[in-house]
Amino acid sequence: RVTGGVVTHRYANRGDYLVTLRSSAANGTCYAEASRDYHARKRPRLTIASDGDSVICRGTKKVFRSSTEEFLRDYLWVVHRQDGFNDTIRNDEELHYTFQDTSVVELRVFNSEGCDTAVFMNVYAQDYPKLIVTGDTIVCNGTQSIVNVSSNIPNCTFGWYMDPSLSTPVYSGPQLVRTPTKDKKYY
């Protein structure tokens, strides 16, 4: 029993329901009734899966996928950019997007029952560090060489490689100290 103008109810299960409203005078003896069919539908459950971290370098392409076990009728991807413009991609289960700025990725989906759900993910696009290399880049055979690197971005980490295709650095840190006996190239 409800007194007043607005009634809300959350249906636990989807299905068809008959909703009846009874309005009565203050003493309850005179009343009017009205009934209406109500169809409770299930909203899709959804998450966004991505191909890695949410912190990326500007100009990096990232792939997002909708993650659900339901059949979805429509997909709407919206990338809300910092410059106030939005990029919209319709009816793809995946989003392939190259980020130039920090953005919010929105995925709104519609299931076969016409219900929708939206989920959001933040993507933080950062500048590539500008490297400043100083020190001994030309030395005599067998002489110690000290090469320093710094960056315009604070808290950078540095990895020195003999081969740029390797995934493990030969040394980590802002200063490389070596005593070469032949020409060597570090990346």
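Coordinate-derived values only; no laboratory data. Quick caveat, the model's predicted, so the values are computed rather than measured. Positions of Cβ are generated from backbone atoms using ideal geometry, with glycine treated the same way; all protein chains shown enter the neighbour counts.
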(message) To check you understand DSSP bridge types, tell me what percent of the beta bridges within the chain (both residues inside) are antiparallel, rounded to 5.
(response) 95 percent
(request) Would you grab the residues whose amide H sits under 5 Å from the one on GLN126? Only those 5+ places off in sequence or on another chain, please, with H modelled 1.01 Å from N. (result) ILE56, CYS57, ARG58
(message) Pairs of alpha-carbon atoms within less than 8 angstrom and 6+ residues apart define the contacts here; what relative contact order does the stretch 67-187 have, in percent?
(response) 17 percent
(request) Using a 10 angstrom cutoff on alpha carbons, build the Gaussian network for the chain and name the most mobile of CYS156, CYS115, CYS140. (result) CYS140
(request) Would you indicate which of (1) 0.97; (2) 1.06; (3) 1.34 is the value of Rg/Rh (Cα atoms, Kirkwood Rh) derived from the coordinates of this structure? (result) (3)
(message) Of the candidates VAL63, VAL105, VAL147, which one comes out as most mobile in a Gaussian network treatment of the chain with C-alpha springs shorter than 10 Å?
(response) VAL147
(message) Rounded to whole Å, give me the distance from the Cα center of the stretch 121-187 to that of the stretch 60-88.
(response) 37 Å
(message) So if a site counts as exposed when it's one of the trypsin sites (Lys or Arg not before Pro), its DSSP state isn't H, G, I, E or B, and it has at most 16 other Cβ atoms within 10 Å, what's the longest stretch of the chain without one?
(response) 59-129
